[in-house]
Every structure is written in structure tokens, then in C-alpha cells.
1. Could you tell me whether Ala274 is over 24 Å from Gln334 (Cα atoms), in contact with a helix residue (DSSP H, G or I) (Cβ under 6 Å, 6 or more places away or on another chain) and either modelled with pLDDT under 95 or not polar (S, T, N, Q) (or both)?
2. Condition first: over 22 Å from Asp238 (Cα atoms) and part of a strand (DSSP E or B). Now tell me which residues in region 279-304 satisfy that.
3. Has region 272-286 got at least one residue that is over 21 Å from the mean Cα position of the chain (by Cα) and without any contact (Cβ under 8 Å) to a residue 24 or more places away in the chain?
4. List pairs: first residue in region 330-345 and over 18 Å from Gly392 (Cα atoms), second residue of a type in the set (A, V, I, L, M) and open to solvent by 30 Å² or more (accessible area, probe 1.4 Å) anywhere in the structure, Cβ distance under 6 angstrom, at least six positions apart or on different chains.
5. Identify, please: which residue in region 1-12 is open to solvent by 40 Å² or more (accessible area, probe 1.4 Å) and in a strand (DSSP E or B) and is, among those, farthest from Gly159 (Cα to Cα)?
6. Listed residues Glu307, Glu368; which is assigned to a loop (DSSP other than H, G, I, E, B) and over 12 Å from Val289 (Cβ atoms)?
7. Report every pair of residues separated by at least 6 positions or lying on different chains whose Cβ atoms are under 6 Å apart, first residue within region 178-189 and farther than 15 Å from Leu88 by Cβ, second open to solvent by less than 10 Å² (accessible area, probe 1.4 Å).
8. Report yes if Phe15 is crowded, with 16+ Cβ neighbours inside 10 Å and at pLDDT 90 or above, otherwise no.
Amino acid sequence: MSKIFVARLLGLDVFDPLGDRLGRLRDVVVVSRGPKKPPACVGVVVEVPGKRRVFVPMTRIQSMESTQIICSGLVNMRRFQQRGQELLVVAELFDRTITFTDGSGRGVIEDVGLAQTRRGDWEINQYYVQRGVATPGLLGLRSRKRDKVLVSWEDVSHGNQSEPQSADNFVATHDDMKAADFADALHEMNEKRRLEIAAHLQDERLADVLQELPDREQVEILSALGLERAADVLEEMDPDDAADLLSEVSEETKHQLLELMNEEEAKDVRRLLAYPEGTAGSVMTPVPVILTPESTVAEALASVRMEELSPALASTVYVVRPPLETPTGRYLGQVHIQALLRAAPPEPLGDILDTELEPMSDLANISEVVRHLATYNLTSVGVTNKEGRLVGAITVDDVLDHILPDDWRSQD
């Protein structure tokens, strides 16, 4: 009888019989068959190119080993949607509290063992369990001295699905996942599990993930965090994304959160919220790379190397008269990173300025910005107010969210 543990399957490549890569395994789907039979494994969730997660039934799995998975036949490329009594092992069984049927106490599931029967079906055979449970009210905290045991499926009973559940294992197994992919995994979960996992994340990680979720789920998670924690997370978000999220909550909640935020962070967000919806000012990034004409190429290159900058923001340096904080002194022009790479390190930015490309008005419509970016093949463009001061910059990713359909993140 073939056996394998789910934790070893996560991230494995899934191939078709010809050896072409289909995608990467992200979860396993099981269905309960009552207390007298082990849960049956009915399929796996595979992330295919384009970051879409699809369902591959076990009837299509030819081989499932700790190094690779091989499937056969055609695969339905519709986005996976959980049905009825289906459970996702990684998302919902990992970290679930169980009770030992011998009366020896409770424990938390850390891994699930699958076994193939003589008929070729797969089912849950064993659980890898840590004895004891998380401290009530402190989700995810563990006591230091507890045994880890491997037990048969029939030696444990599951608690009610509405019980609070830790997120230690899920977060640990997805630690290296990009924020957009992590958000995609959260999007597929039920509300209870999504909130539990979101609450477990560090503020910076949660901020990155929130920015990749649909508006409704952003508000759902933010509302569940409590005002103090929500304000901390908003401080970690890009100001334009924080402003977008705050525009979805009530005026009272928005005011409370802005009051709790760091004064400097809140100032940038308030400026964005003051602009009418659909204008360049409402979607811009208020903190692009800004230098003076006397700054050197070497200084500019050092500035765009900052890790926190997105590739689009790092592509352009905006040159202004002091002060350098937005709204700046008079806007003079911009220097693209390619021009920086071609120039000598000591050369002043004022000598290589591109003054032909006009900045956008902060009151320009987003459609005008999109046409401008497309016409001149730009990844970003400066935004100025009526006094000619730089107030921010708009990047391609800033406008994409506003020109795509509202539900583009969850479309099939």
C-alpha cells in the first residue's frame, strides 16, 4: 500500500504523461465518510500558469510520490471552487484541534498521511499530531513541552468546525509564497478560516497580502482585526492602497483609523482621499524617488536600489527644487534608469534631465493617464498640481486595478 504525507506534496510539480509540467500542487481535497470510515481523498488543487488554481480529481492521478505527481487525461481549467462537504487539508485540517479517543487529551494536527487502498483509491490513513492545544485567546501560541505522535485516523475525533483554529502550520508552509499567491489561497477559503490566518500574519506580511485581495475581503479582514491592529496594518500598506481600502469603510471607521495611524503615514493617505475618485491624484503614489538637479547619478542609482521600491517606481527619478517631500518645490523633469546607467556616476542629474515628457495634472482622469502611459511606453509618470509642484507619481500597476473589472481577482 502506497503512503505519503501531505506536507511533502506541497509545492511539488505536477506533470502530464508526456512530461510536460501542468503546475504545482497547493492543497489536497478530502471528503468525510462518517465516523466509521477514513476521509476519502477526492483530488488535489494545482496552481497552473497564470496563478489559477484548478481541481484535478484523483481518478486522473497516475502517480503520487514525494518527488513528483503525474496525472493523465484532460484537466478542467476552471478555477477551483470548494463544494459541499469538501475539506482542504492544508487550509482546514492542518492546525485543527482533535480529541484522542483513548481519553488521553487533545492535540493539534500538524500533518496528514494518505494511503492508497488495494482498489487504488486514496484516503486519510494517519495524523501527525502535537499533544495539547493552543492557549485560549492566543491563537497560534504553543506550550514548549509537548509530544508529537503519529496516530491512526480512528484514534482521534474531530471537534466542531466552528471552533477557533490556529494558523501556525499554514503560515509556516506558505512563508515563501508571494503575497499575490498567498492572497489567492486566502480567497478560496471560507470566511472563518480566512480571518484566522489573516490575524496570525505579521503586520507587514498582512499588508502585502491585503493589497492583493478583492475589496470585499479586504474590508472583511480589516474589520475583524480591531481598530488598533487595523491602523498598524494600514501604516504598512502603500499609501495609495491604504486610501483605496479606507474609501470602502464607513466615514466613522475611516476617521477613527486615520486618528490611530502614525501622523506621517496618515498625512499621505489623507491627501489621496481628498482627491475626487477617478482622478490621477486619487490613485498616485505620493512617495516616488525624488532628488534635486545637483544630485549625482551615483546618488540616484543608490536611491532606486532600495528594496521597498516596486520595479515600476524604481524605473524613474523625479527632479525638483527643494523641498523634496511632496508637494515639492517646482518640478523640473525626470530621469529614467536607463539614462542613469549610461551616464558617469559623478554627473549631476540636471545635465541629463528629460524635460520633454510632460507630467500629468493631479486632476486628470485616469483614462487620460492610461493613454499617456501607453502613448509614450512609460512605466510611470509624474503628477503635479496647478502650482507645478510634484505631488506624486502614477505607475502602471496603480492604474491597472482601476481599468480592470472590479472582480478581476476572482474571475475564472
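The values are calculated or read from the model by the stated rules, or taken from the named source; none is laboratory data. A quick note: this is a predicted structure, and the numbers were derived from the prediction, not measured. Methodologically, a virtual Cβ is constructed for each residue, glycine included, from the backbone with ideal geometry; neighbour enumeration extends over all protein chains shown. Ligands, DNA and RNA are excluded from the accessible area calculation, which covers all protein heavy atoms including side chains. Shrake-Rupley method; radii C 1.70, N 1.55, O 1.52, S 1.80 Å.
1. no
2. Across region 279-304, the qualifying residue is only Thr296.
3. There is at least one residue in region 272-286 that is over 21 Å from the mean Cα position of the chain (by Cα) and without any contact (Cβ under 8 Å) to a residue 24 or more places away in the chain.
4. Ala339/Ile352; Leu340/Leu301; Ala343/Ile352; Pro345/Ala298
5. Here the answer is Lys3.
6. The unique qualifying residue is Glu307.
7. Listed pairs, sorted by first residue: Ala179/Val209; Ala183/Val209; Ala183/Leu213.
8. yes
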